[in-house]
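To start, the structure itself, in structure tokens.
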Amino acid sequence: MVLLVISIRCELENLTNLRPASDDFTYYMKLRCSCGEVSAKESSVAKGEEYEMKGSRGTANLVQKCNFCSRAGSISIVEGHAKPFTADDCENRKFVPLVCLDCRGMEPVEFIPKNGWQAEGAESGTKFEDIDLSDQEFSDYDEKAGESVSILNFESQIKVKK
């Protein structure tokens, strides 16, 4: 069992508490099989989706066969490791844990942000919901605070949990 953590960092302008908008957020990623083959298409993992694993009594949030070697691998979301990305994290250029994954036979090599994010105005507390980070950036206007808000230079990293 290998636990991997996907962490994020970005530049927040007049925003704080960037995080998935719901507990059933869908994480998109490119995967590498234990044979070394990297998937051509992105795969999705969501806490609300559970699949039975062949030859096992357990379930996982993603069960997928490698197109090259035909081995099945699985990924399960491990609770309790995520935290919102704050304005302080941005200032300190820190990577913050987004999700922890129990990976067996496959592992993510690239995280692909899409829609379903939320954040708050740093001064006003205005909620910005259903933020789409498909282009790895976002901009809007906070009417309460009278200023523009943005998310720029979105980055992610994938590391083994220690």
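The values are calculated or read from the model by the stated rules, or taken from the named source; none is laboratory data. Only a predicted model underlies this, so the values are computations on that prediction, with no experimental measurement involved. Because the Cβ atoms are built from the backbone with ideal geometry, glycine has one as well, and the counts that use them run over all protein chains shown. Only protein heavy atoms, including side chains, enter the accessible area calculation; ligands, DNA and RNA are left aside. Shrake-Rupley method; radii C 1.70, N 1.55, O 1.52, S 1.80 Å.
Some values worked out for this structure:
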read-out: Region 72-146, Rg to Rh (Cα coordinates; Rh as Kirkwood inverse mean 1/r); value: 1.05
read-out: Length gained when the stretch Glu143-Arg71 is fully extended (0.36 nm per residue, less Cα-Cα span); value: 20.7 nm
read-out: Alpha-carbon centroids, region 1-72 and region 78-142: separation in whole Å; value: 15 Å
read-out: Taking only Cα atoms of the chain, radius of gyration then Dmax in Å; value: 17.1, 58
read-out: Under 19 Å from Lys144, Cα to Cα: aspartates and glutamates that are on another chain or at least 8 residues apart; value: Glu13, Glu120, Glu123, Glu129, Asp130
read-out: FRET efficiency estimate (nearest 0.05) - Cβ-Cβ, Glu123 to Glu91, R0 22 angstrom; value: 0.90
read-out: Over the chain, relative contact order from alpha-carbon pairs under 8 Å, at least 6 apart, %; value: 35 percent
read-out: Within region 111-162: Cβ-based charge dipole about Cα centre, in debye rounded to nearest 20 (Lys, Arg +1; Asp, Glu -1); value: 580 debye
read-out: Solvent-accessible area per residue, Å², over region 60-101 with all protein chains present [probe radius 1.4 Å]; value: 54 Å²
read-out: Loop trypsin sites (Lys or Arg not before Pro), region 120-160, which have at most 13 other Cβ atoms in a 10 Å radius of their Cβ (DSSP); value: Lys144
read-out: Cα-Cα over 22 Å, subset of Lys54/Lys162; Lys41/Lys114; Lys41/Lys127; Lys54/Lys159; value: Lys54/Lys162; Lys41/Lys127; Lys54/Lys159
read-out: Spacing of the two label points (7 Å from each Cα toward its C-beta) at Lys159 and Asp24, in nm; value: 3.3 nm
read-out: For the chain, cysteines whose Cβ has no other cysteine Cβ within reach (under 4.7 Å); value: Cys10, Cys90, Cys100, Cys103
read-out: Positive-end residue of Tyr51, Ile6, His81, charge dipole of the chain with Cβ unit charges; value: Tyr51
read-out: Amide hydrogen neighbours beyond the local backbone of Thr126, cut-off 5 Å, H modeled; value: Gly121
read-out: Qualifying trypsin sites (Lys or Arg not before Pro) for region 69-114 [loop in DSSP, other Cβ within 10 Å: at most 16]; value: Arg71, Arg93, Lys94, Lys114
read-out: Helix-only mean residue ellipticity at 222 nm for the chain, each DSSP H run of n ≥ 4 adding -39500 (n - 2.57), per residue, nearest 500; value: -500 deg cm²/dmol
